[in-house]
Amino acid sequence: MFIISLTYKVPMERVEVELNNHVEYLKEQYALGNFQASGRKVPRTGGVILSQLKDKKQLEKILAQDPFHKNELADYSITEFIPSMTSKELSCLLEL
């Protein structure tokens, strides 16, 4: 599993211009099963995406398609981790 942390590197006004395109990109990735959760950081300095993809190179290719990436609006940090314990509601995230 991967945690992707996006950090905006431009003013919010520029981010807002591509926000609808970014949301459409996210919806497509959810439909393909590539992303499991996403949302804004608080304060609004970027966002977070959770992905259960197994291959980091594949994930990097997918993230390169994000309008925020294509338009150089955000930096991306990818952290891989293996969930070993969850609440009952999130047990689908466990890697066996």
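Being over 13 Å from the mean Cα position of the chain (by Cα), surrounded by 11 or more Cβ atoms within 10 Å (Cβ to Cβ) and not in a strand (DSSP E or B): is that true of PRO43 here?
Values: over 13 Å from the mean Cα position of the chain (by Cα): yes; surrounded by 11 or more Cβ atoms within 10 Å (Cβ to Cβ): no; not in a strand (DSSP E or B): yes.
No; evaluated as a whole, the condition is false for this residue.
Listed here are the residues, each with its yes/no results for (1) more than 12 Å from the chain's Cα centre (by Cα); (2) modelled with pLDDT of 95 or more.
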residue: SER5; (1), (2): no, yes
residue: ARG14; (1), (2): yes, yes
residue: LYS27; (1), (2): no, yes
residue: LEU73; (1), (2): yes, yes
residue: THR79; (1), (2): no, yes
residue: MET85; (1), (2): yes, no
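Confirm whether LEU53 is farther than 30 Å from GLU13 by Cα and without any contact (Cβ under 8 Å) to a residue 40 or more places away in the chain. Quick ask: steps written out before the conclusion?
Numbers: farther than 30 Å from GLU13 by Cα: yes; without any contact (Cβ under 8 Å) to a residue 40 or more places away in the chain: no.
Answer is no for this residue.
Of everything in segment 77-96 that's surrounded by 10 or more Cβ atoms within 10 Å (Cβ to Cβ) and of a type in the set (Val, Ile, Thr), which residue is nearest to THR45 (Cα to Cα)?
By that ranking, first place goes to ILE78.
Select from segment 56-89 the residues that are in contact with a helix residue (DSSP H, G or I) (Cβ under 9 Å, 6 or more places away or on another chain) and part of a loop (DSSP other than H, G, I, E, B) and list them in ascending order.
Answer for segment 56-89, where residues must be in contact with a helix residue (DSSP H, G or I) (Cβ under 9 Å, 6 or more places away or on another chain) and part of a loop (DSSP other than H, G, I, E, B): ALA64, GLN65, ASP66, ASN71, LEU73, PRO83, THR86.
Condition first: in contact (Cβ under 8 Å) with a residue 60 or more places away in the chain and of a type in the set (Gly, Ala, Ser). Now tell me which residues in segment 1-50 satisfy that. Break it down stepwise before answering.
We begin by selecting, within segment 1-50, every residue in contact (Cβ under 8 Å) with a residue 60 or more places away in the chain; these are 1-10.
Of everything in segment 1-50, just one residue is in contact (Cβ under 8 Å) with a residue 60 or more places away in the chain and of a type in the set (Gly, Ala, Ser), namely SER5.
The values are calculated or read from the model by the stated rules, or taken from the named source; none is laboratory data. Everything numeric here is computed off the predicted structure, so don't read it as measured data. Virtual Cβ from ideal backbone geometry, glycine too; neighbours counted across all protein chains shown.
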